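Trainee: Got a structure for you, questions after.
Bear in mind that the values in this text are calculations on the coordinates, not laboratory data. Just so it is clear, the structure is predicted and the values come from calculations on it, not from any experiment. Neighbour counts run over all protein chains shown; Cβ positions are idealised from the backbone, glycine included.
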């Protein structure tokens, strides 16, 4: 299989995970009484309606390409255009925003579980279709695990930050909510700048990877157990360069 075709499969899996994450926010808002996303056509699976040129195409595409060229595995990172939500249309705006935010990571974990269930069927496929299925399902599994866990970081504007705002007392919630303007910048600094800067002084710390392992690993192991430990999971891990799982 050519590296270009493998990149296309992995990129498609990642973009699909990002889009389904955003659509889940819109459906959660609709269930709670806000039809803004529906009226603006954002409940569609048409990727054109959700694509952010930088977050959905350039950033994940470059990360995937670098991983394939360097034969390494690492963080899958990207975003789509945020689904519009009108919290004042919820009976309880703070609780409503918390539930809408939580829907994104939960949807990613549900999709990761679906990928694991699908891996129960891949051993029955002929060699070439099985390889294609393993590549897509592997990247779809890892993308959803990474996106779900990354978005649970308790820092606005990430979903975990909005969940935290919904749980805290009002004064503390307002203080956390004020971080939203700087949240993504802080995350990017922690993920990409801080580890490199500290490494120059012999300090090897990666806060984002530590978070992904602390939260994502237990979730992954629980989903794997619920899916019955699919036999092809080890093949997927080796194919993607994640070791033996």
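Trainee: Using a simple spin-label model with points 7 Å from Cα along the Cα→Cβ vector, what separation in nm is obtained for residue 213 and residue 40?
Mentor: For the pair residue 213/residue 40, the computed spacing is 3.9 nm.
Trainee: So what's the gap between the Cα centers of the stretch 1-66 and the stretch 80-113, to the nearest angstrom?
Mentor: 15 Å
Trainee: Still on this model: Give me the percent relative contact order of the stretch 3-240, please, defined on Cα pairs under 8 angstrom at least 6 residues apart. Display every interim value, and only then the final one.
Mentor: Values: 318 pairs, mean separation 51.2, N = 238.
Reported as a whole number, the value is 22 percent.
Trainee: At a 10 angstrom cut-off on C-beta neighbours, averaged per residue, how do the peptides 212-224, 141-153 rank from highest to lowest? Intermediate values should be presented prior to the final figure.
Mentor: Details: 212-224: 15.7, 141-153: 24.9.
Final packing ranking: 141-153, 212-224.
Trainee: Going by Cα centres, the stretch 141-205 and the stretch 211-231 are how many Å apart?
Mentor: One Cα centre to the other: 22 Å.
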